[in-house]
Structures are given as structure tokens and as C-alpha cells.
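What follows is a short report on a single structure.
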Amino acid sequence: MAALIPRSRTTPAPGAVHVPEWLPEERQRELVEACRGWARGPVPMRRTELPGGGVMSVQSVSLGWHWSPYRYTRRAGDVNGAPVAPLPEWLVELGRRAVADAYQDEAAGRAYRPDVALVNFYGTGATMGMHQDKDERSDAPVVSLSVGDACLFRLGNTEGRGRPWQDLRLESGDLLVFGGPSRFAYHGVPKVYPGTAEPSVGPATGRLNLTLRETGLPG
């Protein structure tokens, strides 16, 4: 019965807004199909190797700019040297609408100009440690879209990885925008809940998370 109870939008921290069920099911299906195409290349989805030698459990692929720890480039020098796939205009427009709806501010949406998207796939057992999105030269908001299995999203503070933090459950179709005072808050995904996705919408298993950002880098 809990799934039948409408979830309300919340502001878990200043500048952070959670809008449940923002993406309709048809748009979720479109995103899943698009992500399957992006995962094939020109730069394929992969587990990123960290400078210390560890490998992320999450699989990822980028659009617009290629992200590798901890910088953006136009070619994926750490994968296959190929140029990164372009960021489609329809995805840019989706990001602008997300900002406008989250902040209930059409001007903020028009001013938002994301130039990179990071697509992360959380398979069985995948998690994301607490981190800051600070490789950008812009403090414009981060737009986060979830499709597939639900997850526990941990939104922390800007000073370090420890408490205080808040735990949110993000479901398929949910929108989370964090900017302003929360733009550089530490955050992570300590848990994904297997088998919670609607089979007709998301991937067969796992969670897709797509984040849009402004890099602030020259074109």
C-alpha cells in the first residue's frame, strides 16, 4: 500500500529539491533506450579506474565531455581514445525544465546550460562513496534523474564525508536538483534496493542515474 501513497516534493537542504515521480513512465523508457545506445560507444560504458588503483563498482559513460578522475576532456584517453558522444539538445532542454520545475523558477531554467551528462549504472552490489562534484568550474546546479531500482541517497554537508547527513529514498522517475548552498555537498549512494523497479519501465535489474552539469569549461 505504501506505493499507492503519493510522495510530496521536499527540500532536504537549502538549494536541494527532491521531486518524486517527475519523469513519466514513457520518458523513463526513452531514457533507458537512449542510455543503451550511449553505453555502446563511441566510448563504451566502463568501470572507472581511480588514481589509487581502485575500480569503481558503478559503470559509467559521459556525453559532451568525458569525465575521468578528476578532469574533463573531449577524448576518452583512459578508455579507447575516442571522442566523446555529443550531448543531445533534447537532454539539455530536459535539464532546463528540471531546474525550472524544482526551483519553481522559469528564469533559473532558462539560465541553466548543462554541457555534460554522466550516466551511471548501478548493477548488483554497486554503490557510490561520499564525494563532492567539484571538477566543474561552475556552481550551477546538478540535475539528477533516477530510473530503475530505488536507492538510498545520502546527502551530506559541504565540510566532509561524515555527519550530518540526510538519507533519501530515490525511486524510478524521481528528480533531485542540488545547487546553491548544497551544490558542493558530499553525497553518495550506499545502497540500491534490488527488484524495486517497474519491469516495463527500467532496466531488467539495477539503477540508472543520469546527472547533468555545467562544466564552465570553454567549448
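Residue by residue through the range 57-70, note down the ones that are without any contact (Cβ under 8 Å) to a residue 40 or more places away in the chain and either open to solvent by 20 Å² or more (accessible area, probe 1.4 Å) or among the hydrophobic types (A, V, I, L, M, F, W, C) (or both).
Of everything in the range 57-70, just one residue is without any contact (Cβ under 8 Å) to a residue 40 or more places away in the chain and either open to solvent by 20 Å² or more (accessible area, probe 1.4 Å) or among the hydrophobic types (A, V, I, L, M, F, W, C) (or both), namely PRO69.
Take residues that are aromatic (Phe, Trp, Tyr) and tell me which of the strands (runs of 3 or more DSSP E) falling wholly in the range 86-157 contain 2 or more.
Filter on the range 86-157 gives 116-122.
Pairs needed: first member in the range 10-30, farther than 17 Å from LEU210 by Cα; second member anywhere, of a type in the set (Val, Ile, Thr) and surrounded by 15 or more Cβ atoms within 10 Å (Cβ to Cβ); C-beta distance under 8 Å; at least 6 residues apart or different chains.
These pairs meet every condition: THR10/VAL17; THR11/VAL17.
Pairs, please: C-beta under 7 Å, at least 6 apart or cross-chain, first residue more than 21 Å from ALA126 (Cα to Cα) and in the range 136-159, second outside any loop (DSSP other than H, G, I, E, B) and aromatic (Phe, Trp, Tyr)?
PRO141/PHE178; VAL142/PHE178
Yes/no matrix, rows are residues, columns are (1) at pLDDT 95 or above; (2) farther than 24 Å from ALA185 by Cβ; (3) surrounded by 18 or more Cβ atoms within 10 Å (Cβ to Cβ); (4) among the basic types (Lys, Arg):
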| residue | (1), (2), (3), (4) |
| --- | --- |
| GLY41 | no, yes, no, no |
| GLY52 | no, no, no, no |
| TYR72 | yes, no, yes, no |
| GLY81 | yes, yes, no, no |
| GLU89 | yes, yes, no, no |
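Of the conditions (1) at pLDDT below 95; (2) of a type outside the set (Ser, Thr, Tyr); (3) within 13 Å of THR211 (Cα to Cα), ASP133 satisfies every one except a single condition; which number is it?
Failed condition: (1).
May I ask you to verify whether GLY188 is open to solvent by less than 20 Å² (accessible area, probe 1.4 Å), touching a residue at least 60 places away in the same chain (Cβ under 8 Å), not aliphatic (A, V, I, L, M) and not in a loop (DSSP other than H, G, I, E, B)?
Spelling it out, GLY188 is indeed open to solvent by less than 20 Å² (accessible area, probe 1.4 Å), touching a residue at least 60 places away in the same chain (Cβ under 8 Å), not aliphatic (A, V, I, L, M) and not in a loop (DSSP other than H, G, I, E, B).
Picking from ALA102, ALA85, ALA108, ALA76, which residue would you name as being under 16 Å from the mean Cα position of the chain (by Cα) and either open to solvent by less than 40 Å² (accessible area, probe 1.4 Å) or closer than 21 Å to SER146 by Cα (or both)?
ALA102 is the lone residue from the list that is under 16 Å from the mean Cα position of the chain (by Cα) and either open to solvent by less than 40 Å² (accessible area, probe 1.4 Å) or closer than 21 Å to SER146 by Cα (or both).
Just wondering, is there one or more residues in the range 192-203 that are open to solvent by 10 Å² or more (accessible area, probe 1.4 Å), in contact (Cβ under 8 Å) with a residue 24 or more places away in the chain, assigned to a loop (DSSP other than H, G, I, E, B) and on the phi > 0 side of the Ramachandran plot?
Yes, the range 192-203 has at least one match.
Checking ARG96 against (1) on the phi > 0 side of the Ramachandran plot; (2) without any contact (Cβ under 8 Å) to a residue 24 or more places away in the chain; (3) surrounded by 19 or more Cβ atoms within 10 Å (Cβ to Cβ), which single condition isn't satisfied?
Tallying (1) on the phi > 0 side of the Ramachandran plot; (2) without any contact (Cβ under 8 Å) to a residue 24 or more places away in the chain; (3) surrounded by 19 or more Cβ atoms within 10 Å (Cβ to Cβ), ARG96 fails exactly one: (1).
Determine which member of the set LEU212, LEU176 is under 24 Å from ARG97 (Cβ atoms) and either in contact with a Gly (Cβ under 8 Å, 6 or more places away or on another chain) or part of a loop (DSSP other than H, G, I, E, B) (or both). Steps first, please.
Numbers: LEU176 fails: either in contact with a Gly (Cβ under 8 Å, 6 or more places away or on another chain) or part of a loop (DSSP other than H, G, I, E, B) (or both).
Unique residue meeting the criteria: LEU212.
Out of ASP139, ASP133, ASP115, which single residue is open to solvent by 30 Å² or more (accessible area, probe 1.4 Å) and under 16 Å from PHE178 (Cβ atoms)? Show your work before the answer.
Numbers: ASP133 fails: open to solvent by 30 Å² or more (accessible area, probe 1.4 Å); ASP115 fails: under 16 Å from PHE178 (Cβ atoms).
None of the others qualify; the one that does is ASP139.
Kindly list the number of the only condition in (1) out of contact with any Lys or Arg (no Cβ under 8 Å at 6 or more places or on another chain); (2) more than 15 Å from LEU91 (Cα to Cα); (3) part of a loop (DSSP other than H, G, I, E, B) that fails for GLU21.
(1)
The values are calculated or read from the model by the stated rules, or taken from the named source; none is laboratory data. Bear in mind that the values here come from a model prediction, so they are computed numbers and not experimental data. For neighbour counting, all protein chains shown are included, and Cβ atoms are generated from backbone atoms with ideal geometry for every residue, glycine included. Quick note on the areas: whole protein, heavy atoms, side chains included, nothing else; ligands and nucleic acids left out. Shrake-Rupley method; radii C 1.70, N 1.55, O 1.52, S 1.80 Å.
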